[in-house]
Structure formats: structure tokens, C-alpha cells
1. To make sure I understand the rule: partners must be aspartates and glutamates, Cα under 19 Å from the Cα of Lys682, and not fewer than 8 residues away in the same chain. Which ones qualify?
2. Viscosity 1.002 mPa s, temperature 20 °C: what is the translational diffusion coefficient of the range 187-300 from Stokes-Einstein with a Kirkwood Rh over Cα pairs, rounded to a whole number of µm²/s?
3. For a protection proxy built on the mean count of beta-carbon atoms within 10 angstrom, sort 165-178, 144-157, 233-246 highest first, please.
4. By the scheme Lys and Arg +1, Asp and Glu -1, what is the net charge of all other residues having a beta-carbon under 14 Å from that of Ile202?
5. Considering every pair of different Cα atoms, what Kirkwood radius, in Å, is found for the range 546-692?
6. Treat the count of other C-beta atoms within 10 Å as a stand-in for reagent exposure and order Ser199, Ser583 from fewest to most.
7. Using only Cα atoms, find the angle between the long axis of helix 54-70 and the longest principal axis of the chain, and express it within 0 to 90 degrees, rounded to the nearest 10.
8. Would you work out if the range 88-128 is rounded, prolate or oblate? Take a ≥ b ≥ c from the square roots of the eigenvalues of the alpha-carbon gyration tensor; rounded if a/c is under 1.5, else prolate when a/b is larger than b/c, oblate otherwise.
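Laboratory data are not the source of any read-out in this text; all were calculated from the coordinates shown. What you are looking at is a predicted structure, and each value in this text was computed from that prediction instead of being measured. Positions of Cβ are backbone-derived with ideal geometry, glycine not excepted, and every protein chain shown enters the neighbour counts.
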Amino acid sequence: MSMRKSFLSFLAVMMVFAMLGLTGNTLAETAPTANKTYVLEMQKWGIYNDGTHPVETTQGINKALIWANQNGVNEFIVPAGTYLIDKNSRINMVSNITFWLNDRAVIQKETNGLSRYETLYVDRMVRNVTLRGGTYKGDRYTHDYSSGGTHENGYGILVEGGYNITIDSVKAIEFTGDGLCFGTSDNYIRNVSEAQVESGAIDDSGRLIPNSGKIRLKQPLGFTSETFKVVPFFQLSYPQGVSKDSRYDVYFYKGDGTYLSSQKGIRYTYEDVFIPAGASYFRAVFNTASTSGFLVRYDAKVRTHHSVIKNSEFAFNRRQGITIGGVENVLITNNKIHDMSGANPQSGIDLEGGLFLNNNVTIRQNEFYNNAAYDIILYDGTNAVVENNILRSKVVGLSTSTNFYNAVIRNNLFDGAPSLLLHDVIFTNNTVRNTFARFFGPNIIANNNTYMDGTLDLAGSAPFILNISNETIRNTGKMHNSIVVNGQPQHLRNVTVYGPNLVRAITGNGHNDMIFENLRMYDFNASELPAGKYFNCEFRTTTGAAPQANKAGQYLFDRCTFSGKNASLLLVNTAGEFTVQNSTFVTTGTGETIAIEAAKSVLIQDSKITSMFLNSTSTPVINVKGYWATPAPVDVYKAQFRWNTITTNIAAKGISTVNAGAGAPSYTVENNVLFKARLQLKPNDKSTGNVEQ
């Protein structure tokens, strides 16, 4: 869903509320505007702030909140102290209030052995709430886990379906599950089974018509549930007997049967269907021909929406700092989220709605560290922006899945925190330091990122689903590799590598159809070029380590530049097919320029090879030689050298094939021009049109 569509949907919600005239404890009620402050009175409500009497304290806080709500209080101040919350109960928040804890106030959950608990709860009826200040503390270190199971559902703050909820300057620590969860209120109305549907469709005037390719409701469904007094929308969810990826259409009618309007192409489970003013019931049409096995749920799920989490700290919880489990328009900003461990997935923030849609979530300017597994998980949902964060957890900094659509990851620092990017991501203007970013796809765009001793790792799951461009990698010898290329072929554009690695600047198997365009590698210490097509690339080093093309498969170097102290290019694989054309080689040392040790075939044509620092006439510029031993069995099975220009400072061996190995076939050497250099060929080579000057 686009940002614009989401905004329009929100406007539709507000308009429907207004038309329905909803009042009292509903989402449509506006927050009080005048400040009315109340300081919690311990004695009046039977509350203890010394960490004792959990039942009395919990009941007292809840009674005080109800009283405050009824009397127009919109700032509820909780003094310093420790407030022990009953293990079998919770604080139930009311609407239109700021629940403000003193900085030295602690809301402490009573130790227990429950697999699930909540400490403070916000339900779908609640709106316009700020939870500010203080500490919410769980029983992680005293909890009784002996009943078995994961005990991962102990919540500090749980919000299910609230509207305009702000979490500001709080600490949520040491819970058996999550410090904070924003989720969905799952409001089930009824099931619709195969007995309630029939063959047929509905036309654009709302009339029932025959259609053997579709089915429809036999009887309409109405809005008599109490839920619809506060919720102006519904969903049809969890379909059976029809593809979950198909869509359905809804037709609305007045109480007298007059047709009102329709909504078409609606997504099952996740998409809200807004009820127009005056509608009393609806009919639905489903894209399947058979009624057999059909089942769908009629729901009015309410997601937490238009809410903010800011300036807070979430730490030492077992499962998550923050779980986002079905929301619309949530901002998470300027928080510290760290030290999650003990119950999977052990993440700082996990966007994982499951059966409830996450949409339009922004994660901005947060700091993550010491989380046992992840800093951020984008597991399912649509439309997330992750920007200007610092991620420092060492296992995984950020992970996306194939269930998440349209994520923008920008301007973040990944400091030793890897990224695993699986689907529909724009990854831009990030800094990747002392770690790697691995791209699987599909629909990945990565551009303008900087890798400081970092690795760009391509593992495309299908051909040409990664769009990688304008990446810069700067090394100081800390990371094993700068670029790793495996999986299916992709198109890599305008990537520049500076400096040495621990092992190699580039490695991986590559692919015959892989495209490297404008790849630049400077001052690297070693490299193993993956198979693929290299266009307008440059390889320059002063260390003496030549780039090696040593993988099975096809290589094409077209309009490339190679320069180095000694060998500028090494070809070595008996299953390699190597083509070098329109390229330039400059050697500044005293050794060979192109070493061909093993190849299924090699073609070097229309290229310029210059070596002006040779000190021996026996040194070959292009050398076809046996691998390791001389003489050796032949490892170069086909070779052609044509239309090249070879320039040396002395009469060295321009092209040498005499050490190609026992039984080497005839190679073709034709129409080359050699300045000072001379040919040194086997007797069976085909040599025509060459000029030695």
C-alpha cells in the first residue's frame, strides 16, 4: 500500500466515525485540550510504592485511572517508588491521558511462573494516550520457568488496537518476553462456510447474476455486532477452498435493499473494508468456481495505529525490545535497544504481524547493540523506512524476508552488524563497517553505500533481480573479502574498491552471464575474479598480486585496464573460457604481464600490452605455460592471439608458447604488432601476419 493510499484510508476512517456519530469511549472522541493534572495519592487508593501488596496496588492504580478518566484528568503523575503489579493482573490504561512516571518510579511485575502476562495494557477502545517516564521492570531473573515452554509472552507494555499511543522516555527492562508490543485486537465475528455460499456473481448495479466461474454469499452479512459501534471496517480472513492470494469483491446495501456501492479486488486477511455511511449489510463475491471446502472468517480486527515510540530504552528482555505485530503508521525514534537474549528471535525490533498486517512503519535514529540474534527484523508487512540508525549487534543487524514488501533502508551505520536482504528493498546511503551486506533478492536496489572494511555479498536467488550500483569499498586489511559473487547472474555497476583485504578483494564462483560494469579495484593485495562479463573495468595494484580468473565458466574482459607491478592478469582453470578484447595492460615490474596457466580456451585480441621495465630478454609478456611444472602436461587446450599491440623496453618475448606443456595443440597467433618484443612460439603454432619492429 502506498503512503498516499494509507493516508486516504485514515481520512476515510475519520469520516466514517463522524458520520456514524460515535461518542463516549470510541476512537472518534478527541483528546482533552486543557491540562488537568492529578498526582497519584497512595493512601486514598490503597496503593503501596515500596514494592509490596501487588494486588492492592494494581487495583488502586486501575481505580485511580478510571476516576481520572471520568473527571477529565489528562496528566496522571505517579510519584517515585516501586509499584508491584499483581502477577495475575495488570494496569489497564484509559483514554485521553498522559500516564507520567517520576524518573525514580518503577512499575515492577510480581515474580511468577506464567507463560504469559502483561504489566500495562492498552486495548482497542483506548486512544490518545502517552506513557511517559519511569521504568517498567519484569521478573526475568526470578521467574519460574519450570512449567515448560518458552515463557516468551511476558510483556512490559502491550498495546492491542490503540489509536494515537505515544511511548516517551520510558525504560522497559527484564521481561520474559518483550519490553513493548504494538499489536492487533483480533475481533472474530463469525465463520462463513460452504453452506453459506452459492454459484454466481453480482453486477455493477448490485443485482445477483449467474456466473459459473465465481461464488457469492447466499445471504448478506450485517453490522449488528457490538464491535461495529467502534470499528467502521471489517476483513474477510484466512480463506480455505480459494487461493489466499486471490481477491474478493464486496457490495453494500441499505436496510431496504437499495444498492449503495462496491469495493473490489480486496486482499484477504490484511486489507480493511470500510463501511460506507447508510450501509446495513453487504454481499461478497469470491474468485473460485467451486463451493467445496470453502471457509472464510468474518472479522473486525483493529490494529494499533498512528502511534509513536520515542526517547526510550528497551533492554535485557528475553525475546524482543519491541514487537510490531499488526500496526498502521507507527514511528519508532531515538531509542536505545540492547541486550535481548534468551527466547527467539532475540531481536531489538521485530516487525512480525503473522495474521495481522504491518504497514507504514518508520524506524529512525535508534541505537542497537548487544542483541543476541538481531537488531531489526522486517519479517512481514508493507512499507517500512529504516533510517539514520546505528546497529552494532554482531550476529545480524538487519534482516528482511520474502514476506515484507517495500522497505527503504537508508543512511544507517551498520557497525559490525551484518545485513541479510531477501526481498523488495532499497538499500541506499548506508555505511557498512567491519561487516557484510548480503543481497538475495528479488527486487533489491543497492546504491551509494560505503563499505569501510566491509563486504558486498551477492547471492541472487534468480537472474538479474539485484540492482547494485555506485558502491564504494575502502579497506585497511581487516575483512577477508570486499566483494563476494555467488548465486544467479546479476548486473553490478560502478563499484569501486580501495585497499587490501585479509584474503582477496573479490571472490566467488560468479556466472557466465554475470555483468561487471565499471568495476574499479585499486591497491588490492589479491583477487579471484568470478566468472562473468567485465566491461570497462580497471584493476590497478602496486603489490605484485595479479587478479586471477580461476573459476570454471566463461570470462569476457572488454575495454578493461590492468596495471600492476608484475603480472597484470592470471588465467588458470582448465574449464575456463577466457576472452580479452579491446583492453589495456601496463606492467611496471620486471615479470610477465599475462600468465596463462590453464584454460579450456583463451582469446586475446585488439588489446594493448605494455611492459617498459623489463631487465631480461628471456622474460615473456604473454606467457602460455604449464601449471607449476615445466615441462608439464598441457593445460591450455585452445589459444588465439590476434590484432594486439605489444610494446617492451627490450627484445623480450612478446608471446611465448614454448612451455605450454607436452602435447600442446596448435595455437593461433596472427596480425599482432610487436615493438622490440619478439615471438617465441612452438613449431606447430599457426603464425600469420605478425609484425616485429
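1. Glu592, Glu597, Asp635, Glu670, Glu692
2. In µm²/s, the coefficient rounds to 153.
3. With the highest mean Cβ count within 10 Å placed first, the list reads 165-178, 144-157, 233-246.
4. Numbers: positive: Arg207, Lys214, Arg216, Lys218, Lys264, Arg283; negative: Glu198, Asp203, Asp204, Asp249.
Local charge sum for Ile202: +2.
5. Answer for the range 546-692: a Kirkwood hydrodynamic radius of 14.6 Å.
6. Result, fewest neighbours first: Ser199, Ser583.
7. With both axes taken from Cα atoms, the answer is about 80 degrees.
8. Note, shape of the range 88-128 comes out oblate.
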